[in-house]
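Please treat every number below as a calculation from the coordinates, not as lab data. Quick caveat, the model's predicted, so the values are computed rather than measured. Neighbour counts run over all protein chains shown; Cβ positions are idealised from the backbone, glycine included.
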Amino acid sequence: MNIGLSMIEVEVKYRVEGKFASSLVMKHREIFRESVPQRDTVFLLGSTSFDEFVPGSPVLRVRTSGGISTVTLKRKLMPTGEMTEIETTVGNAAAAEEIFSNLGLTLVTDVVKTRTSGRISDVEVCVDEVRGLGWFVELERLVTNEQEVSQAHILISRTATELGLREDWIEQRKYDELLADRTKSKE
């Protein structure tokens, strides 16, 4: 991630079984770094849930990972899910969350996961175990403009094939949306 610069996130997420995730990490252990716990708190402006969310509205995330906290502003750019992102580090995640709440943003989800990540070519490969949801593999490429999006999709598709990920495993929703849906179905 380029801290402080506006980028476009091109991402494809695959829902996988735990055995597949473990074997993927073992098979490609030369590319994967250590596993780190992450906590993401996600805030919306003018919405109390993703049911009311209007694409193009801001999503603010506070992520704590490996003792470092970042704040990310995201906006959905295209119907295919690409998001613009601006990210910066913050010294205190709890203070950032309190600032967002005091500005009228609503905390909609709290995502806790363990992430093992690495790179293949120019694609970030993340194997995530998300509390309450299970295992996923995310393939992500950050680009600087909309003209680079289609090339990023091609590169991600090639990487997915190389890793044995199937199209029918694709999960369109973000973790925060999946958790919000899960919470709503329990009510």
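Among 59-66, 22-29, how do they line up by average Cβ neighbours within 10 Å per residue, starting with the highest? Intermediate values should be presented prior to the final figure.
Details: 59-66: 18.5, 22-29: 13.9.
Taking the mean over residues of other Cβ atoms within 10 Å, the ranking is 59-66, 22-29.
Any idea what the dipole of the chain comes to, in debye rounded to 20, about its Cα centre with Lys/Arg Cβ at +1 and Asp/Glu Cβ at -1?
420 debye
Can you pull the one-decimal nm distance between simple spin-label points at Ala95 and Ile154, each 7 Å off the Cα toward Cβ?
About 4.6 nm, to one decimal.
To test your reading of the geometry: what angle, between 0 and 90 degrees and rounded to tens, separates the Cα axis of helix 175-186 from the longest principal axis of the chain?
Between helix and principal axis, roughly 70 degrees.
Lys pairs in the stretch 9-186, Cα-Cα under 18 Å, at least 8 apart or on separate chains: how many?
10
Where Rh is the Kirkwood radius over the Cα pairs of the chain, the temperature 25 °C and the viscosity 0.890 mPa s, what D in µm²/s does Stokes-Einstein return?
143 µm²/s
Please work out whether the stretch 39-134 counts as rounded, prolate or oblate from its C-alpha gyration tensor, where a ≥ b ≥ c are the square roots of the eigenvalues and a/c under 1.5 means rounded, while otherwise a/b larger than b/c means prolate and anything else oblate? Spell out each step's value before the answer.
Working: a/c = 1.60, a/b = 1.23, b/c = 1.31.
Oblate, because a/c is 1.5 or more while a/b does not exceed b/c.
Taking Cα atoms, how many degrees apart are the long axis of helix 149-163 and the longest axis of the chain, rounded to 10 and kept between 0 and 90?
For helix 149-163, the angle is close to 50 degrees.
Quick check on the chain: helices-only [θ] at 222 nm, where DSSP H runs of length 4 and up contribute -39,500 (n - 2.57) each and the sum goes over total residues. Nearest 500, please.
-8000 deg cm²/dmol
Placing unit charges on C-beta atoms (Lys and Arg positive, Asp and Glu negative, everything else neutral), compute the dipole magnitude of the stretch 118-157 about its Cα centre in debye, rounded to 20.
80 debye
Count the net charge of all other residues whose Cβ sits under 14 Å from the Cβ of Lys19, scoring Lys and Arg as +1 and Asp and Glu as -1.
0
Subtract the Cα-Cα distance of Asn145 and Lys19 from 0.36 nm times their separation in residues, and report this length gain in nm to one decimal. If you can, show how the numbers build up before the last one.
Numbers: separation 126, 0.36 × 126 = 45.36 nm, distance 3.66 nm.
Difference between extended and current length: 41.7 nm.
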